[in-house]
1. Rank these residues by their accessible area, most exposed first, probe 1.4 Å: W61, W247.
2. So which residue, out of A104, A210, A230, gets the largest mean-square fluctuation from a GNM of the chain using Cα contacts under 10 Å as springs?
3. Grab the beta carbon distance between S10 and R79, set R0 = 22 Å, and tell me the FRET efficiency rounded to 0.05.
4. So, with +1 on the Cβ of K and R and -1 on the Cβ of D and E, and no other charges, what is the size of the charge dipole of the range 185-241 about its Cα centre, to the nearest 20 debye?
5. Towards the positive end of the charge dipole of the range 1-98, with charges on Cβ (+1 Lys, Arg; -1 Asp, Glu), say which of P46, L85, T67 has the farthest Cα.
6. Sorted by accessible area with a 1.4 angstrom probe, largest first, how do K148, K172, K12 fall?
7. At a 1.4 Å probe, what is the % contribution of carbon and sulfur to the accessible area of the chain?
8. Give the separation of the Cα centroids, the range 170-227 to the range 1-31, in Å.
Amino acid sequence: MDQYIGLDVSLKDTAISVREDGKRIWRGKCLSDPKLVADIIRKRAPHARRVVFETGPLATWFYHALTTEGVPAICIEARHAQKVLNETLNKTDANDADGLAQLAEVGFYKAVRVKSFEAMMARALVAARNQLLNLSTQLSNQISGVMKTFGLIVPKGTGRVFDANVRELLDKQTSLAEIILPLLDAWRDIRKRAAILDRQLIAAARQSPATKLLMTIPGIGAITAVSYAAAIEDPDNFRTSRSVGAWLGLTTRRYQSGEVDYDGHISRRGDNRLRGLLYEAATAMLTRTSARNESRLKDWGLKLRDRLGFKRATVAVARKLAVIMHTMLKTGEIFNPSAGASA
């Protein structure tokens, strides 16, 4: 007889529920360690057919570790599962595990694709670089803001120019310098470490045939190419290229009920960071005027801009870029500027 297991995974403990023939036959908990969980499953559910858990911070580790242990692990969409789990009267980890086991038994769940550790490493590199750049911006703003209070206006400039301007203004401001210079030193150190991650990112882009292919598109740089390739992984993960736009939340939401039927803003589901990068790439494509940047896709976007406005046109071009990039990964062909673009 097949058994169905639900796992409610938290940072410390994992609640486990085992069902068989429509009834719960065992439940308990252990430390959140996939090997311990796998041992319990082999002991309590030797004929496990599905082991279901939700997306979360430990989902990637749990999925790959459980799969390596031979456990039929399935990661499901948390938003979908919560709509069912919230119907329980008492919200506990044990009851959530019971609910997940029931979903596993009836097959009422939406499985999600779990990215490989290699893809997550690329995403971590991009995220770490962005975090350092954000910290650098926050520190420079803090320095400028504090100095304005004392009538010291830092001239516009970045990098070494900003550093030199601040030090020059603090030349005879001993008391203020004791406050600002530590911030300035931290700002400089953060920029150095961000530059290290920049070099790692560029090296990763140059080593990957997929990212080099995507960078043939005007407006697509190393960050966007690496992020997109890491998110897609294998082009065969999507049946059609058009579905990538919806997966990234770049298609409009529809609400229909009775006589009400309208399309709203884009859904904004999926990878928020990648969606933002594609929007920036579309913006660059529509605003840059170099000869290399000319393409039929740009012409199509500019016509949309005149008819719908810049923001809507940019979103449409970003969605089209997502589709084109997937097609390029699938066919191995470089970007064709003369290829047609339709709505």
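The values are calculated or read from the model by the stated rules, or taken from the named source; none is laboratory data. The model shown is predicted, which means the values in this text are computed figures rather than measured ones. Neighbour counts are summed over all protein chains in view; Cβ atoms, including those assigned to glycine, are modelled from backbone coordinates with ideal geometry. With ligands, DNA and RNA removed, areas are computed over all heavy atoms of the protein, side chains included. Shrake-Rupley method; radii C 1.70, N 1.55, O 1.52, S 1.80 Å.
1. Numbers: W61 110, W247 85 Å².
Ranked list, largest accessible area first: W61, W247.
2. Answer for the Gaussian network model of the chain: A104.
3. Values: r = 18 Å, r/R0 = 0.82.
So, using R0 = 22 Å, E works out to roughly 0.75.
4. Numbers: 8 positive and 6 negative charges, 56 e Å.
Approximately 280 debye in magnitude.
5. Result: P46.
6. On the way: K148 120, K172 180, K12 145 Å².
So the residues, ranked largest to smallest area, are K172, K12, K148.
7. Looking at the chain in its full context, I get 51 percent from C and S.
8. So the two Cα centres are separated by 45 Å.
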